[in-house]
Amino acid sequence: MTDPVVIIGTGLAGYNLAREFRKLDGETPLLLITADDGRSYSKPMLSTGFAKNKDADGLCMAEPGAMAEQLKAEVRTHTRISGIDPGHKRLWIGEEQVRYRDLVLAWGAETVRVPLEGDAADLVFPINDLEDYARFRAAAAGKRRVLILGAGLIGCEFANDMSLGGFEVELVAPCEQVMPTLLHPATAAAVQAGLEGLGVRFHLGPVLNRLQRVADGLEAHLSDGSVIACDLVVSAVGLKPRTDLASAAGLRTNRGVVVDRHLCTSHANIYALGDCAEVDGINLLYVMPLMGGARALSQTLAGNPTAVSYGPMPITVKTPACPLVVSPPPLGQEGQWTVEGQGADLKVLCHDAAGQLLGYALTGTAVMEKLALNRQLPPLMA
Ligand SMILES: Cc1cc2nc3c(=O)[nH]c(=O)nc-3n(C[C@H](O)[C@H](O)[C@H](O)COP(=O)(O)OP(=O)(O)OC[C@H]3O[C@@H](n4cnc5c(N)ncnc54)[C@H](O)[C@@H]3O)c2cc1C
């Protein structure tokens, strides 16, 4: 019997690739292996669950058994691969070896953990998959005060969502503005003001040093000496593409697992897709790039080698308190920023010296201009 195409991971990258592949090839054995419970869900919905009043079961779109049937595949859940042996086209699950025809790493990114003093580190919740979300929902039942660590896109989305869900939200981050790597200061101020309008309290500058249990909840001690009373802490300080197993197997890694435009790693027959992949020097932790990648890679796996290309990739940030769409300039390209509008309605554009639009950030009513602006943007990767 032919060795299977093996996909590691059943997130949006793994399942979408399997779906695309099955449109082209109904016969080749397909095996998906995942460390989690294998339920199919849309990860972006994790930061809208409270506003939509959906728990983890409510966000689940299909059980792994149904996915296996739909994809004519075997789905092995709660199974963590522990090693790859590219020379012999096999991987390891502890002592067990599994052979592959082609291997796709779609194993995502892991949450960065901050070192903490105090006796309440177990009450810091990262939320990066459905199981994390279920754990947080269970711990949050009956609680009212949430402290969020991190003012990036995900921290701001959780701040908005949990406020809408009835929590009192405070947010702490060691930066001067929200989404510092993504937003011009004017747009960041508009987003912060929108969230403050919901009641979110920001502590920008300090970090959380110590988390302590007290009689009526927790005390969070910040590096500037202030103390915040809360019941739970959500960590949204960043994500790091998983690369350890790839490096150990001798594959090239950098920020992510290094792949070319065919999503092929430094070893033939091993590919990477989604949050873990650094495609031609670009590691994007968003849905749009992985969808394009899944379509291209499915063709390659079906015998029709296809390179991936990225058009403009605007990001709609789920902060309804201040609607926001942002399209950062392509990596390495710098330009001049201009700010139009005022208050919550801003159009912030970045042009190069020749007048070419490189990127934008739109807030409030200005988000309606995104389609017109998208047509003027250069591709992220031609
Ligand atoms: C709260 C939140 C909101 C977001 N909102 C948006 C948004 O609005 N728009 C947008 O474009 N993007 C958004 N993103 C990002 C987007 O969701 C991700 O880019 C995307 O879901 C990543 O999918 P993935 O399949 O690459 O990784 P993951 O979904 O992380 O899947 C990784 C899989 O690999 C498995 N795995 C890991 N290690 C092993 C191992 N050793 N052995 C076996 N299996 C393993 C895991 O169990 C899992 O099944 C958001 C992310 C978060 C956290």
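Scan segment 94-117 and tell me whether some residue there is at positive phi, surrounded by fewer than 18 Cβ atoms within 10 Å (Cβ to Cβ) and not assigned by TED's automatic domain parsing to the domain that holds Val227.
For segment 94-117, residues at positive phi, surrounded by fewer than 18 Cβ atoms within 10 Å (Cβ to Cβ) and not assigned by TED's automatic domain parsing to the domain that holds Val227: present.
Could you go through segment 20-34 and let me know if any residue there is within 9 Å of the ligand (Cβ to nearest atom) and part of a loop (DSSP other than H, G, I, E, B). If you could, list the steps in order and put the result at the bottom.
We begin by selecting, within segment 20-34, every residue within 9 Å of the ligand (Cβ to nearest atom); these are 32-34.
Pick out the ones that are also part of a loop (DSSP other than H, G, I, E, B) and you get 34.
Yes, segment 20-34 contains a residue that is within 9 Å of the ligand (Cβ to nearest atom) and part of a loop (DSSP other than H, G, I, E, B).
Could you list all residues from segment 35-53 that are away from the ligand (no atom under 13 Å from the Cβ) and of a type in the set (Lys, Arg)? If the condition is that a residue be away from the ligand (no atom under 13 Å from the Cβ) and of a type in the set (Lys, Arg), then Lys52 is the only one that fits.
Residues checked against (1) touching a residue at least 12 places away in the same chain (Cβ under 8 Å); (2) over 30 Å from Lys23 (Cβ atoms); (3) out of contact with any strand residue (DSSP E or B) (no Cβ under 8 Å at 6 or more places or on another chain):
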| site | (1), (2), (3) |
| --- | --- |
| Thr300 | yes, no, no |
| Pro312 | yes, no, no |
| Pro328 | yes, yes, no |
| Gly343 | yes, yes, yes |
| Leu346 | yes, yes, no |
| Gly359 | yes, yes, no |
| Arg375 | no, no, yes |
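Going through Arg261, Arg252, Arg210, Arg201 one at a time, which residue ends up being away from the ligand (no atom under 16 Å from the Cβ) and free of Cβ contacts under 8 Å to residues at least 24 places away in the same chain? Steps first, answer last, please.
On the way: Arg261 fails: free of Cβ contacts under 8 Å to residues at least 24 places away in the same chain; Arg210 fails: free of Cβ contacts under 8 Å to residues at least 24 places away in the same chain; Arg201 fails: free of Cβ contacts under 8 Å to residues at least 24 places away in the same chain.
Among Arg261, Arg252, Arg210, Arg201, only Arg252 is away from the ligand (no atom under 16 Å from the Cβ) and free of Cβ contacts under 8 Å to residues at least 24 places away in the same chain.
Just one of (1) in a helix (DSSP H, G or I); (2) of a type in the set (Phe, Trp, Tyr); (3) within 12 Å of the ligand (Cβ to nearest atom) trips up Trp92, so point out which. Of the numbered conditions (1) in a helix (DSSP H, G or I); (2) of a type in the set (Phe, Trp, Tyr); (3) within 12 Å of the ligand (Cβ to nearest atom), the odd one out for Trp92 is (1).
Please enumerate the residues belonging to segment 115-146 that are under 18 Å from the mean Cα position of the chain (by Cα) and not hydroxyl-bearing (Ser, Thr, Tyr).
Correct list: Phe125, Pro126, Ile127, Asn128, Asp129, Leu130, Glu131, Asp132, Ala134, Phe136.
Scan segment 16-67 for residues that are surrounded by 17 or more Cβ atoms within 10 Å (Cβ to Cβ), in contact with a Lys or Arg (Cβ under 7 Å, 6 or more places away or on another chain) and of a type in the set (Gly, Ala, Ser) and the total you get is 3.
The values are calculated or read from the model by the stated rules, or taken from the named source; none is laboratory data. Everything quoted here is computed from the prediction, not taken from an experiment. Cβ sites come from the backbone with ideal geometry, for glycine too, and all protein chains shown count toward neighbours.
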